[in-house]
Structure formats: structure tokens, C-alpha cells
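Q: Structure in C-alpha cells, see below.
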Amino acid sequence: MPKNLFGYTLPALTEEMVSLGESKYRSKQLFSWIYQKRVFDFDAMTDISKSFREVLKRDYCLDLPKIVTKQESEDGTVKLLLEMEDGAKVETVLMPYDYGDSICVSSQVGCNMGCRFCASGILKKDRNLTAAEIMGQVMVMNGILAPLGRTITHVVVMGTGEPFDNYDNVISFVKTVNEQFGLAVGARHITVSTCGLCPGIRKYGKEGLQINLAISLHAPNDEVRKQIMPVSGAYPMPELMDAIREYQKDAGRRVTFEYIMLKGLNDSLAQANELADLIHDNEIFAYVNLIPYNEVKEKPYKRTEYPAIKAFSDVLMKRGINSTVRKEFGGDIDAACGQLRVKYVKGGNHAS
Ligand code: SF4
């Protein structure tokens, strides 16, 4: 079975090339062809000897996922349903911000974390995505952007799946995104988002990466969090705060708390104050990203209206905690993460 070069970090590929008797420089040449020149045909890699190109053609590949459906919103959002070699399907979304093109990639096929508000988790995890399959999502989206003279400038691992439940593949992927001979996306423009797997948070802090960490908190206490996030049973709030403190000590970086505003559940001003207390009492250096909820047909949760979100944000700001309300994208397509795949897999009207 040919090995997919999109799954290698530069050091791993260098090691592999050296083991084949090639020079160390070979891996940089290959990275430059695939990530900088976007050339995926070994025969076109003219500075590599013909005989070694034959080896590459025999033992390696540069396969990318296939586009099953493509939805485009009036605001420029592009949502793709992609099919992997074994038929597994995942969603990938492009969000065009003023500051650049941001992609949200999936890290698993389905998800086992069971967050009650989430469309992605309706379909349980089939398997982890490989590093090559996660990178494939970016390469396919860059293929759509290239003719427009654009390229992905920001990457968030926040699509379907829990990144720290697929730790090694996700870390390998973000390293290649950040690698100067790879996609060369700045570390501060890359974010990994976890629902709160404490061992992963602690390990991530020790990687020596400058890549951002976001934590899906969605509640100011365990009582509310347990209602919507089963992971809080395994990792309750005190342990989560402890893991984040350890991360901050090791990485020296601010974290982002993601907080989906659910009407009548976690959106009161008293809860805003409770959230501020939680952050201050635990001495966490955090920024809070308030997220308007995209209602999902299969779920009972309702969206908090904008003025109430603003009031919640004002409380946090008054308490010295930076907070913003996340810009919404793709309101005219299947906006909630995972909706497109759920529709497709369950046989709905996916190709709208
Ligand atoms: S919110 Fe994320 S972690 Fe939770 S079920 Fe959905 S995909 Fe999984």
C-alpha cells in the first residue's frame, strides 16, 4: 500500500528519505513541490532524479479526498463533504474573514464525546482520521482557493471529532501546517479545540508549540456542564481548571474558552458572573468566545437572542475578561457543524 506523503512531518520525511539512502535535502524538495508549488505529480518534480521518482511512484502517493458535495453561501462560506479512500465522509468548512481565509477541519469520522447540542456527534465515531486525511482537507480547499489567488491563512481543528482523542495525528498535522517548508501558517493562526480531555491538555502544553488552544466550556459550573457535555463526568471542572493551569505554566499561552449560548440554560447574567468567578478564582488567563447557537432539528436547544449575548459579554468585559461574539457564517447553508454529513449519511436532501 503506497504511503501518503501528506501524512508526514518534515522531520519524519527526512528520516524516511535518509533510510532510503537519499540526502536529507530530499524531504525539503518534496515539501516544496507539494505544499508551495502544489505539484502532486511525481513526474513533474524535475529536480528529483528519474530513478528516485520511480521509487516515489511505486511506494508513495499524494492522494486527496474527493468532493462529494459543495455548498457555497452568499457570504463566501464554502462547506465541503469529502470522501476518504474507504468511503468515510467528513465535513470541512472555509470561512472568509476580513483578515484571511480560515478553514475548520474535522479530526475524526463521527465523534464519541456526545455533546448534547452538537450535530457532529449525532453520528458516533467510526474511526480516527489519519494525518494525511486531515491535511487532505486543507489541500482540497486550497485547490478551490488557488484560482482566486487566495490560500488558507488560518486553521482551526474544530470540526467533527475530538482532536485529543486522535492526538498523534492531529499534532503531526498542525506541525506540517506550521512548518516553514510546509504550509507555513503562523502558529498563532492555528487553533486546536478540545471539549476538555485533561490528559491531552497537559500533554499539549509540553509540546513546545506556540499553537493556540481552545476549550469548549459552554457552562460556568459542573451542574450545567453535565447536562450538555458528558465529558464533564470524566473530567469535572476542578480537574479541567487544574489541567489548564498546568498547560499555561508549560506553554505560557492564553487559552480561549468557547461558550455556546443556549437559551435559558447557560446564558443568564448570574451565570456570566459565575463564569468570571471561575476564571478569576482559578487564575486562568482566558479569552471567552461567545457563540450564537445554530439550532439543530434533532436537538431541543434554542438560540439565545443577540441582545442577551451582548449583555453576557458586557458582564465579562466589566469583570476584566476579554470576550467577543463569534461572527456567523453560512446562515443560508447547513450552518451547524456536522449537519451536512448527518443529512447525507441519513439520506436527506444533501445536495442543496
Ligand atoms: S461538540 Fe465536538 S467534541 Fe462534542 S460531540 Fe460535537 S464534535 Fe464531538
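The values are calculated or read from the model by the stated rules, or taken from the named source; none is laboratory data. Values in this document were obtained by computation on a predicted structure and should not be read as measured data. Neighbour counts run over all protein chains shown; Cβ positions are idealised from the backbone, glycine included.
Q: Do we have any residue at all in region 220-234 that's of a type in the set (A, V, I, L, M, F, W, C), within 14 Å of the chain's Cα centre (by Cα) and away from the ligand (no atom under 12 Å from the Cβ)? Spell out the reasoning first.
A: Initially, region 220-234 is screened for residues of a type in the set (A, V, I, L, M, F, W, C), giving 224, 228-229, 231, 234.
Those left that are additionally within 14 Å of the chain's Cα centre (by Cα): none.
No, region 220-234 contains no residue that is of a type in the set (A, V, I, L, M, F, W, C), within 14 Å of the chain's Cα centre (by Cα) and away from the ligand (no atom under 12 Å from the Cβ).
Q: Okay, moving on. Which residue pairs have Cβ atoms closer than 7 Å, lie 6 or more positions apart in sequence or on different chains, and pair a first residue in region 110-131 that is of a type in the set (Gly, Ala, Ser) with a second residue that is more than 8 Å from the ligand (Cβ to nearest atom) and not in a loop (DSSP other than H, G, I, E, B)?
A: Ala119/Gln339; Ala119/Val342; Ala131/Gly7; Ala131/Asn169; Ala131/Ser172; Ala131/Phe173
Q: Would you check which residues across region 184-200 are at negative phi and either surrounded by fewer than 22 Cβ atoms within 10 Å (Cβ to Cβ) or not aliphatic (A, V, I, L, M) (or both) and list them?
A: The first filter runs over region 184-200 and keeps only residues at negative phi, leaving 185-195, 197-200.
Gly186, Ala187, Arg188, His189, Ile190, Thr191, Ser193, Thr194, Cys195, Cys198, Pro199, Gly200 - these are the residues of region 184-200 that are at negative phi and either surrounded by fewer than 22 Cβ atoms within 10 Å (Cβ to Cβ) or not aliphatic (A, V, I, L, M) (or both).
Q: Thr304 is checked against (1) in contact with a Leu (Cβ under 6 Å, 6 or more places away or on another chain); (2) within 30 Å of Lys124 (Cβ to Cβ); (3) modelled with pLDDT of 95 or more and fails just one. What number does that condition carry?
A: For Thr304, the exception is condition (1).
Q: Identify, by number, the condition in (1) surrounded by fewer than 17 Cβ atoms within 10 Å (Cβ to Cβ); (2) closer than 18 Å to Leu275 by Cβ that Lys206 doesn't meet.
A: In the conditions (1) surrounded by fewer than 17 Cβ atoms within 10 Å (Cβ to Cβ); (2) closer than 18 Å to Leu275 by Cβ, Lys206 misses (2) alone.
Q: Out of Val55, Val78, Val18, report the one residue that is among the hydrophobic types (A, V, I, L, M, F, W, C) and in the same structural domain as Leu183 (by TED's automatic domain parsing). Steps first, answer last, please.
A: Numbers: Val55 fails: in the same structural domain as Leu183 (by TED's automatic domain parsing); Val18 fails: in the same structural domain as Leu183 (by TED's automatic domain parsing).
Checking each option against the conditions leaves just Val78.
Q: Going through Gly159, Gly182 one at a time, which residue ends up being more than 17 Å from Ser102 (Cβ to Cβ), in a loop (DSSP other than H, G, I, E, B) and in contact (Cβ under 8 Å) with a residue 60 or more places away in the chain?
A: Working: Gly159 fails: more than 17 Å from Ser102 (Cβ to Cβ).
The unique qualifying residue is Gly182.
Q: Would you confirm, using the coordinates I've provided, whether Leu94 is part of a strand (DSSP E or B), in contact with a Pro (Cβ under 6 Å, 6 or more places away or on another chain) and modelled with pLDDT of 95 or more? Break it down into steps so the answer makes sense when it comes.
A: Values: part of a strand (DSSP E or B): yes; in contact with a Pro (Cβ under 6 Å, 6 or more places away or on another chain): no; modelled with pLDDT of 95 or more: yes.
No: the conditions fail for Leu94.
Q: Which of the residues belonging to region 1-24 are assigned to a helix (DSSP H, G or I), within 21 Å of Glu85 (Cα to Cα) and among the aliphatic types (A, V, I, L, M)? Steps first, answer last, please.
A: If we filter region 1-24 for residues that are assigned to a helix (DSSP H, G or I), which is where we start, we get 5-7, 10-19.
Add one more test, that the residue is within 21 Å of Glu85 (Cα to Cα), and what stays is 5-7.
The one that is assigned to a helix (DSSP H, G or I), within 21 Å of Glu85 (Cα to Cα) and among the aliphatic types (A, V, I, L, M): Leu5.
Q: Does region 219-227 contain any residue that is crowded, with 20+ Cβ neighbours inside 10 Å, assigned by TED's automatic domain parsing to the domain that holds Asp332 and either without any contact (Cβ under 8 Å) to a residue 40 or more places away in the chain or touching a Gly at 6+ places or on another chain (Cβ under 6 Å) (or both)? First the steps, then the outcome.
A: Going through region 219-227, the residues crowded, with 20+ Cβ neighbours inside 10 Å turn out to be 219-220, 225.
Narrowing further to those that are assigned by TED's automatic domain parsing to the domain that holds Asp332: 219-220, 225.
This time we only want the ones that are either without any contact (Cβ under 8 Å) to a residue 40 or more places away in the chain or touching a Gly at 6+ places or on another chain (Cβ under 6 Å) (or both), so: 225.
Scanning region 219-227 turns up at least one residue that is crowded, with 20+ Cβ neighbours inside 10 Å, assigned by TED's automatic domain parsing to the domain that holds Asp332 and either without any contact (Cβ under 8 Å) to a residue 40 or more places away in the chain or touching a Gly at 6+ places or on another chain (Cβ under 6 Å) (or both).
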